[in-house]
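> I'd like to ask you about the structure that follows.
The values are calculated or read from the model by the stated rules, or taken from the named source; none is laboratory data. These numbers were taken from a predicted model, which means no experiment stands behind them. As a convention, Cβ positions derive from the backbone with ideal geometry for all residues, glycine included, and neighbour counts pool all protein chains shown.
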Amino acid sequence: MDPIGNCQRAVDGARAMIAGVRPDDMAKPTPCESWDVRGLVHHMIGVCQNFTGGLRGQAMSPGPAGGDLAGDDPAGAYGRAAEALMQEWRGPGALEKTLKMSFGDMPAPMAARIVVGDQTLHTWDLAKALGRPFTMDEDLAQATMQLIEQFATPEMRGPGKAFAMPVECPPDASLQDRLIALSGRKP
């Protein structure tokens, strides 16, 4: 698995979806209960900025700063944040770094997995909110499924936490649908 290549594919997918957001879409609800489209895009930009800072040696916050990172040009704002993140990932020794997360230190390869999972799942959320089709890259979906299976403990699930409770999904459903259900969303 190529963590940097996976990050690039995840942010490319997000960038393409955000490029289609129109001003009248910004107040639409998303599968993320507390975020409308504007809030979701704000979060996605904030994640890119936060991990960029982490790769630069800055202490990372548990979430993006307040305000409105999407502004009047969400596609441009996301594109700039994603490009800065990928520039840091491509820097010498990026995968040997340790990022200072709010809960402790994290090796860069694990941080890359988190970015991939976050951006991939939230691109699906955005597509759902916009009523647009989105098929996850199979490798990214598999990597995200493994991440959630490994780290989404019962303590991390429920209202106000990183993940909602898993929802029912047939075992023969597609990988994408099983991942969406495992993350607490209805496929």
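> For the range 86-187, give me every one of the helices (runs of 4 or more DSSP H) that falls completely inside it and has 1 or more residues that are of a type in the set (Lys, Arg), closer than 25 Å to Gln49 by Cβ and in contact (Cβ under 8 Å) with a residue 12 or more places away in the chain.
The helices (runs of 4 or more DSSP H) meeting that bar are 108-130.
> Scan the range 1-35 residue by residue and report those that are among the hydrophobic types (A, V, I, L, M, F, W, C) and in contact with a Ser or Thr (Cβ under 7 Å, 6 or more places away or on another chain).
Ala10, Ala14, Met17
> Can you find a residue in the range 77-84 that is under 25 Å from Arg185 (Cβ atoms) and in contact with a Leu (Cβ under 8 Å, 6 or more places away or on another chain)?
Yes, the range 77-84 contains a residue that is under 25 Å from Arg185 (Cβ atoms) and in contact with a Leu (Cβ under 8 Å, 6 or more places away or on another chain).
> Please determine, by comparing only the residues of the range 58-85 that are assigned to a loop (DSSP other than H, G, I, E, B), in contact with a Lys or Arg (Cβ under 8 Å, 6 or more places away or on another chain) and among the small types (Gly, Ala, Ser), which one is nearest to Ser102 (Cα to Cα).
That would be Ala59.
> Considering each residue of the range 149-163, count those that are among the hydrophobic types (A, V, I, L, M, F, W, C) and within 17 Å of Arg178 (Cα to Cα), and give that number.
Adding up the residues that qualify gives 3.
> Would you mind stating whether Arg56 is of a type in the set (D, E, K, R) and within 26 Å of Gly91 (Cα to Cα)?
Judged against the criteria, Arg56 is a match.
> I need the full set of residues from the range 34-57 which are part of a loop (DSSP other than H, G, I, E, B) and more than 25 Å from Ala108 (Cβ to Cβ), in order please.
Passing the criteria: Ser34, Trp35.
> Also: Restricting to the range 82-124, give me the number of residues that are surrounded by fewer than 17 Cβ atoms within 10 Å (Cβ to Cβ) and of a type in the set (Lys, Arg).
2
> Just wondering, is there one or more residues in the range 140-162 that are over 21 Å from Cys7 (Cα atoms), at pLDDT below 95 and surrounded by 13 or more Cβ atoms within 10 Å (Cβ to Cβ)?
Yes - at least one qualifying residue is present in the range 140-162.
> I'd like to verify a number: residues in the range 15-66 that are touching a strand residue (DSSP E or B) at 6+ places or on another chain (Cβ under 9 Å) and among the aliphatic types (A, V, I, L, M), how many?
Count: 6.
> Taking the range 163-187, which residues are surrounded by 17 or more Cβ atoms within 10 Å (Cβ to Cβ), of a type in the set (D, E, K, R) and farther than 21 Å from Gly131 by Cβ?
The one that is surrounded by 17 or more Cβ atoms within 10 Å (Cβ to Cβ), of a type in the set (D, E, K, R) and farther than 21 Å from Gly131 by Cβ: Arg178.
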